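**Student:** Before I ask anything, let me first share the structure, which is written out below as structure tokens.
The values are calculated or read from the model by the stated rules, or taken from the named source; none is laboratory data. Keep in mind that what you see is a predicted model, and the values were worked out from it rather than measured. Every residue, glycine among them, receives a Cβ derived from its backbone with ideal geometry; neighbour counts consider all protein chains shown. Ligands, DNA and RNA are excluded from the accessible area calculation, which covers all protein heavy atoms including side chains. Shrake-Rupley method; radii C 1.70, N 1.55, O 1.52, S 1.80 Å.
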Amino acid sequence: MGFQINTNIGALKAYNALADLNAKSQKAQLRLATQKRINSVSDDTSGFNVGKSLDQKVQLMQAAKGNVGSAKDMLATAESQLISIKDMITQIKAKIADASNPAADKAAIANDIKSIGLEIDSAIASTKFNETDLLMSGASGTGPSGFSFQTGADSTDKLVVDYGQYIGGAS
């Protein structure tokens, strides 16, 4: 009598088909859950690399969007203070016009102009955004000479704001 191995070929084929179906089902569920066609390097090597590169660019662009928002807020803060300073300069011009009146008290007008000038100096010195001086020039040693915000995915995509040299540098 010979040696004989009993196998159920039909059952093995059914098991292999079930295992294959389970693997495909698992892959399809992962794609549905992540909403991505490529979830690992084994799905598509070059596509995976491209996808990761695009994900990094998206993150950089989101950070750049935040930078643009910060720049906008900072410039709005500076603009509102500059408008206030412009109004004070207009007051000084009005006082100078009043001084041309022979009946005016020139000493009182001079004191008023001096106090408005001190208000302007105070406004320039105290205008800050996140503890950063906005209107002071870097030449005076008290603040930055400009601001640079990354506004794109590349480090060369920048918005440079340098208005301090025109305001604080003349003191």
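**Student:** For residues that are modelled with pLDDT of 80 or more and in contact with an Asp or Glu (Cβ under 6 Å, 6 or more places away or on another chain), tally how many sit in region 143-152.
**Tutor:** Within region 143-152, residues that are modelled with pLDDT of 80 or more and in contact with an Asp or Glu (Cβ under 6 Å, 6 or more places away or on another chain) number 1.
**Student:** Assess whether residue 85 counts as being open to solvent by 80 Å² or more (accessible area, probe 1.4 Å), in contact with a helix residue (DSSP H, G or I) (Cβ under 9 Å, 6 or more places away or on another chain) and in a helix (DSSP H, G or I).
**Tutor:** no
**Student:** Restrict the check to region 15-27 and report whether at least one residue is part of a helix (DSSP H, G or I), of a type in the set (A, V, I, L, M) and open to solvent by 100 Å² or more (accessible area, probe 1.4 Å).
**Tutor:** Within region 15-27, one or more residues are part of a helix (DSSP H, G or I), of a type in the set (A, V, I, L, M) and open to solvent by 100 Å² or more (accessible area, probe 1.4 Å).
**Student:** Among the listed residues 155, 70, 100, 140, identify the single one that is modelled with pLDDT under 90 and either touching a helix residue (DSSP H, G or I) at 6+ places or on another chain (Cβ under 7 Å) or among the aliphatic types (A, V, I, L, M) (or both).
**Tutor:** 140 is the lone residue from the list that is modelled with pLDDT under 90 and either touching a helix residue (DSSP H, G or I) at 6+ places or on another chain (Cβ under 7 Å) or among the aliphatic types (A, V, I, L, M) (or both).
**Student:** Would region 114-121 turn up any residue that is touching a Lys or Arg at 6+ places or on another chain (Cβ under 6 Å) and of a type outside the set (Asp, Glu)?
**Tutor:** Checked region 114-121: no residue is touching a Lys or Arg at 6+ places or on another chain (Cβ under 6 Å) and of a type outside the set (Asp, Glu).
**Student:** Considering each of 104, 64, 108 in turn, give the residue that is farther than 20 Å from residue 135 by Cβ and either of a type in the set (Phe, Trp, Tyr) or outside any helix (DSSP H, G or I) (or both).
**Tutor:** 104
**Student:** Give all pairs with beta carbons closer than 7 Å in which a residue from region 135-162 that is over 27 Å from residue 57 (Cβ atoms) and open to solvent by 50 Å² or more (accessible area, probe 1.4 Å) meets a residue that is at pLDDT 60 or above and not in a loop (DSSP other than H, G, I, E, B); count only pairs at least 6 apart in sequence or on separate chains.
**Tutor:** Listed by first residue and then by second, the contacts come to 142/133.
**Student:** State which residue pairs qualify: first residue within 30 Å of residue 40 (Cβ to Cβ) and inside region 1-29, second residue surrounded by 10 or more Cβ atoms within 10 Å (Cβ to Cβ) and among the acidic types (Asp, Glu) in any location, beta carbons under 9 Å apart, and separation of 6 or more residues or different chains.
**Tutor:** 27/43
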